[in-house]
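What follows is a single structure, written as structure tokens, with notes after it.
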Amino acid sequence: MKNAWGAIIFDEEVFATSDVYTTGQPIGIIVADSHALARRAASLVEVEYHTLDAILTIEEAIAASSYIGEAATIQRGDPLSVLSSSTNVVEGEVRIGGQEHFYLETQASMVVPGENNEFTVYASTQNPTKTSNFVAAAIGVPKNKVTCKVKRMGGGFGGKETRSVYVSMALAVAAKKTGKPVRLMLDRDTDMCTAGQRHPFLLKYKIAYSDDGMLLAADCHLFSNGGFSMDLSRPVLDRAMFHVENAYNIPHLRVTGRICRTNLPSNTAFRGFGGPQGIVSAETYVEHVARVLGKSPEEIREKNMYAARGAVTHYKQELVDCHIREMWAQVKETSQFAQRRMAVDAFNGANRWKKRGLAMMPVKFGMSFTAKFMNQASALVHVYTDGTVLVSH
């Protein structure tokens, strides 16, 4: 039986054995005949902790050099040389907050023991493979003894990609111990205290640009709040680093990334998987340059977008057939953006307290994951004699 688990590296425990690093980290499980009785029994448990100093924010983690894993760097060209010799440089930082998944159904699972040491897990999870694998490891049975079934989830959005797994593991331990089915559905407050969310990010940037608004060089430092364990923080950070220029061809660019270890629940996958944080970072410094030059952000965006063919990203992907400029021109025309812009400006000039806004921006979003095992899948298709089909995946 294994108490250790983790999405990529095994740096978490199903039940904490000595140290507790965050609120809501499990130390045990109460099994009872009813939900009310289990809650009452849990409320009677008294635990004495030796309190340690907590690190909660990215800034506190940086000051304490509290990180998960090593720093990562992607670079092309010589951005530091260009920045040092350029007369037009802006620098700043942007903080991007986290976000709750708030799925309609909280983390929930039921484990049913069967014959010959077999177990069936009914889980509200996006990851039945990891669920069955880690349940088998937790209770010390071969993987073929555990079947995980998922009907439909009350939402997922990444929140049930990995953070659902420890619930099934804990239940499996209880089911094996008692020999009876065990079910758990977290209360909303417990779920939100324990399940993690979208990674908060801090970007520190320095940008060199020409008098007409061409982006010449960028030096970006990305920090994410990973919580107390790795989970999927590394591939989330990777994707943010890949999207730190969004759709703009910056000839000299360096981006470094660090995952900050804090005493918060482990943050995890969330729709976009680091891409939105990188894109927000890019649009922040593009708008900064636009403000300094007294130009519209749309003008700076249009100047700097990738060309139709032959462009290469800072992570060395060749954009063989890029239609972003063509799409930009089409959307700009069909939306009547120029006329709408004039109308908005006229309204804002005539109204002191009520204002309107209008913006147009491109998005480049890459497919697949840097955690390569997440890019593979399999399916088994049964075609029966009556013409019906069963697909298992």
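In table form, for the structure just shown:
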| read-out | value |
| --- | --- |
| Helix-only mean residue ellipticity at 222 nm for the chain, each DSSP H run of n ≥ 4 adding -39500 (n - 2.57), per residue, nearest 500 | -9000 deg cm²/dmol |
| Value of Rg to Rh for segment 56-144 (Rh from inverse mean 1/r over Cα pairs, i.e. Kirkwood) | 1.24 |
| Relative contact order [Cα under 8 Å, 6+ residues apart], segment 177-255, whole percent | 28 percent |
| Using alpha-carbon coordinates, inclination of helix 128-139 to the longest axis of the chain, degrees | 40 degrees |
| Using alpha-carbon coordinates, inclination of helix 233-242 to the longest axis of the chain, degrees | 20 degrees |
| Label point distance in nm, residue 331-residue 343, each placed 7 Å from Cα along Cα→Cβ | 1.9 nm |
| Neighbourhood charge, 15 Å Cβ-Cβ cut-off, centred on residue 329 and excluding it, Lys, Arg +1 and Asp, Glu -1 | -1 |
| Shape box of segment 304-393 [Cα atoms, principal axes, largest first, Å] | 72, 38, 25 |
| Beta bridges per DSSP with both ends in segment 178-259, % antiparallel, nearest 5 | 55 percent |
| Carbon + sulfur, % of accessible area of the chain - ligands and nucleic acids excluded, 1.4 Å | 54 percent |
| Charge-dipole axis of segment 277-393 as Lys and Arg at +1 and Asp and Glu at -1 on Cβ define it, positive-most pick from 300, 290, 331 | 290 |
| Mean separation of Cα contacts under 8 Å, 6 or more apart, over the residue count of the chain: relative contact order % | 18 percent |
| Two-site FRET efficiency, residue 70 against residue 292, from Cβ-Cβ distance with R₀ of 41 Å, rounded to 0.05 | 0.70 |
| Cβ charges +1 (Lys, Arg) and -1 (Asp, Glu), total dipole of the chain, debye | 820 debye |
| DSSP-defined beta bridges in the chain - what % are antiparallel, rounded to 5 | 75 percent |
| Inter-probe distance in nm under a simple model that places probes 7 Å from Cα toward Cβ, at residue 54 and residue 33 | 3.8 nm |
| Added length on full extension, which subtracts the Cα-Cα distance from 0.36 nm per residue, residue 78 to residue 390 | 106.8 nm |
| Gain on full stretching of the segment that runs from residue 210 to residue 115 - 0.36 nm per residue minus C-alpha separation | 27.0 nm |
| Semi-axes of the equivalent ellipsoid for segment 1-131, Cα gyration tensor, largest first, Å | 44, 21, 16 |
| Gain upon complete extension [residue 42, residue 321; 0.36 nm per residue less C-alpha separation] | 94.5 nm |
| Taking segment 282-336 and dividing mean pair separation by its residue count, relative contact order in percent (alpha carbons under 8 Å, at least six apart) | 23 percent |
| Residue-normalised accessible area of the chain, given per residue in Å² at a 1.4 Å probe | 54 Å² |
| Overall Cα dimensions of the chain, principal axis frame, Å, largest first | 73, 65, 47 |
| Selection from 159, 107, 147 lying farthest towards where the dipole of segment 67-185 points positive, charges on Cβ | 147 |
| Most fluctuating residue given options 226, 196, 98, as computed from a GNM of the chain linking Cα atoms under 10 Å | 98 |
| Acute angle (nearest 10 degrees) that the helix 165-178 long axis makes with the longest principal axis of the chain, alpha-carbon atoms | 0 degrees |
| Paramagnetic reach from residue 151 in segment 171-193 [backbone N under 19 Å; point 7 Å along Cα→Cβ] | 181-186 |
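The values are calculated or read from the model by the stated rules, or taken from the named source; none is laboratory data. Computed from a predicted model, the values in this text were never measured in an experiment. Please note: Cβ atoms are built from the backbone with ideal geometry, for glycine as well, and neighbour counts cover all protein chains shown. Calculation scope for accessible area: heavy atoms of the full protein, side chains included, ligands and nucleic acids excluded. Shrake-Rupley method; radii C 1.70, N 1.55, O 1.52, S 1.80 Å.
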